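What follows draws every value from the coordinates through simple rules; no lab data is involved. Everything numeric here is computed off the predicted structure, so don't read it as measured data. No Cβ is skipped: glycine too gets one built from the backbone with ideal geometry, and neighbour counts run over all protein chains shown.
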Amino acid sequence: MEPFHPFQGLLAKIERSNIDTDQIIPKQFLKAIGKTGFGENLFFDWRYLPNGEINPDFELNQPKFRGASILVAGNNFGCGSSREHAVWAIQQYGFKAVIAPAAERSGMAIPAFADIFRNNTSKNGLLAIELSEKDVRAIWDAIEKNPGLEAVIDLAAQEVRVGLAEPLAFRFQMDASVKERLLGGLDDIGLTLRYEDLIRRFEVSYDTQLGRDSSR
């Protein structure tokens, strides 16, 4: 997993809530035994018509969003079944970050991201940014009015800066442990290996207590 450095990228928007993992990467593409080749099938049922041709009405098929690396979507993104492939597909398409709003309806909190999806993003180096509905609406409006609009994402500063004549800046919250993991490019194995010396010393001590030869 690569460390997450500040980057500037093209913004793309999908103004839809409750985008589930089966829309992100449909179940028929989960048979692959490797972790590659999912990007071309991201949002397959929306990107393509039944005859296999490109659907010109789908947001990401619009020329102005070609090469986008920051996706701005609706709340409860990544709901549905717990497939890690959804994160792989988003990354392999070219997105480095997904922005979504947290909301409240009739006193009920609606998350920006489904819990399992959010957990999978941190383990694979995809940045999931939660903003308010007001902030996301402002970004959507800016994208609509300014084709080719880009933003800078600075994880260390926990800030999204949208590049307009009068730039918009949005601060976001981030769990400290997730931030450390992403900035360091540490997956679960990488986190464990930081304690390799301690683990080895424990193993030697444990073997000694049992009278075993730890060198074998």
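What number of residues within region 132-157 are more than 13 Å from Ile70 (Cα to Cα), touching a helix residue (DSSP H, G or I) at 6+ places or on another chain (Cβ under 8 Å) and of a type in the set (A, V, I, L, M)?
Going residue by residue through region 132-157, those that are more than 13 Å from Ile70 (Cα to Cα) are 132-135, 137-138, 141-142, 144-147, 155-157.
Narrowing the set further to residues that are touching a helix residue (DSSP H, G or I) at 6+ places or on another chain (Cβ under 8 Å) leaves 147, 155-156.
Subset that is of a type in the set (A, V, I, L, M): 155-156.
Qualifying residue count for the region: 2.
Scanning for something part of a helix (DSSP H, G or I), touching a Ser or Thr at 6+ places or on another chain (Cβ under 7 Å) and basic (Lys, Arg), does region 178-199 turn up at least one residue? Reasoning before the result, please.
If we filter region 178-199 for residues that are part of a helix (DSSP H, G or I), which is where we start, we get 178-184, 188-193, 196-199.
Adding the requirement that they be touching a Ser or Thr at 6+ places or on another chain (Cβ under 7 Å) leaves 178, 181-182.
So of that shortlist, the ones also basic (Lys, Arg) come out as 181.
Scanning region 178-199, I find at least one residue that is part of a helix (DSSP H, G or I), touching a Ser or Thr at 6+ places or on another chain (Cβ under 7 Å) and basic (Lys, Arg), so the answer is yes.
Exactly one condition in (1) touching a Leu at 6+ places or on another chain (Cβ under 9 Å); (2) within 17 Å of Leu126 (Cα to Cα) is false for Ala73; which is it?
It fails just one condition, (1).
Across region 122-167, what is the total count of residues that are under 23 Å from Pro3 (Cβ atoms) and basic (Lys, Arg)?
Total meeting the criteria: 2.
Of everything in region 1-23 that's over 27 Å from Ser81 (Cβ atoms) and in contact with a helix residue (DSSP H, G or I) (Cβ under 8 Å, 6 or more places away or on another chain), which residue is surrounded by the fewest Cβ atoms within 10 Å (Cβ to Cβ)?
Pro3
Can you name the condition, by its number, that Leu10 falls short on among (1) assigned to a helix (DSSP H, G or I); (2) of a type in the set (A, V, I, L, M); (3) within 22 Å of Val160 (Cβ to Cβ)?
So Leu10 meets the others, but not (1).
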